[in-house]
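The structure appears below as structure tokens.
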Ligand code: GLN
């Protein structure tokens, strides 16, 4: 069900938030032992569900667009008084002492937060296999991954426990699981939504966003969460938004050369069919060139670990989480970090420290940032000529659990999504069709990329392509 359908039922009185809450709990108890989308389910949500039910009876719901709507939250977003682990053993016992801005905003809009969802440790991964608390499975095929790192949020929606979930996207972690689970996944413009209270992974790349069953729902949630926040100086408000117009038909660019890099043939075929549909709907499809996007993965895997290595320095066993005592302070740091971080976190801390070290800074980090600036300029040029850019969201459908043990093959899943974070623009993944893998029909997504602050345009095309059809 969509948020809109649920909300209509609440308003007409054919259902209540209490019933929706109980339904969510029922689905979770039936399916989650196997799927493992959730790290925790919140019993106290029943109070808010009861209050919301009464509010609808009183007719007191107009200014609360999410009143009584069950929502799940990726467990790297702080919820006051709840355990927030970031999927890491080092924060196994950490209780958040304040609410993230987006939690405040969702609750002010009436959302019913029913639980926290599993993720790759500190959002590092593309499969949700890197969680210290065990992997999440894809509800559409339990032998496969749901994608990652927001795999728990995607699975929570795909198994129909909630109509929507919140995730974070540093290099594709909302869009790629959306593609693998047949959902709409939205990564807003960098700064559109406050990062206050999000566990930082790559601070210049991170952005919260949504996993939903419809584009209209993504728009509602975006409306609730977006906007300037004095506690996050990188946020932008409507006054700083350039007006990115909505049009009758769009000129859509396809970066043909970029799409030659290792896409499954049938995924490409579904993509071509979608382009044909777009053309038939009156949009103009043109080939474009984005040569620097090829360098996206390489730059991302320098910039991101650099930021990870400094952001994760705060987990030292002293200020947060689990402490492994040593004979002196240094040994306590070393023991806590050696024991608390998983393999992927350690790999990225090492890589990041290396590219930032004085001997290598210019050769790696400096170059990656320079490439990033050029990518931004290149994309800016392209957007002078087209309204939107499209790619498949990921080169393959959901892969098997355990299939991508080798890190580089996992990293390749992000080839089409990371350039979006590096350039800071918004993008949305929408289901475009299905492909057959061993008799399982698996969804794949199409990614629409808009210019900076062009969310409205993404919602507009998305609603026409997805919600209306
Ligand atoms: N899969 C990418 C990575 O491992 C992206 C992660 C993310 O967006 N949080 O870094």
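Annotations
- Relative packing of 171-179, 149-157, 47-55, 393-401, which averages over residues the other C-beta atoms within 10 Å, highest first: 149-157, 171-179, 393-401, 47-55
- Cα gyration tensor, region 385-469 - rounded (a/c under 1.5), prolate or oblate: oblate
- Sorting 203, 131, 309 from the fewest to the most surrounding beta carbons within 10 angstrom yields 203, 309, 131.
- Taking the DSSP bridge list for the chain and keeping only pairs wholly inside it, about 70 percent are antiparallel.
- Take each peptide in 429-436, 418-425, count the other Cβ atoms within 10 Å of every residue, and average; sorted highest first, the result is 418-425, 429-436.
- Shape category assigned to region 226-307 from the gyration tensor of Cα positions, a/c cut at 1.5: oblate
- Three-way shape call for the chain based on the alpha-carbon gyration tensor, with the a/c threshold at 1.5: rounded
- Relative contact order, whole percent, for region 139-202 stands at 30, derived from Cα pairs under 8 Å and 6 or more residues apart.
- Helix-only mean residue ellipticity at 222 nm for the chain, each DSSP H run of n ≥ 4 adding -39500 (n - 2.57), per residue, nearest 500: -11000 deg cm²/dmol
Here, each number is a calculation from the coordinates, and none is a lab measurement. Predicted, not measured: the structure shown is a model, and the values here were computed from it. Using ideal geometry, Cβ is built from the backbone for each residue, glycine included, and neighbour counts are taken over all protein chains shown.
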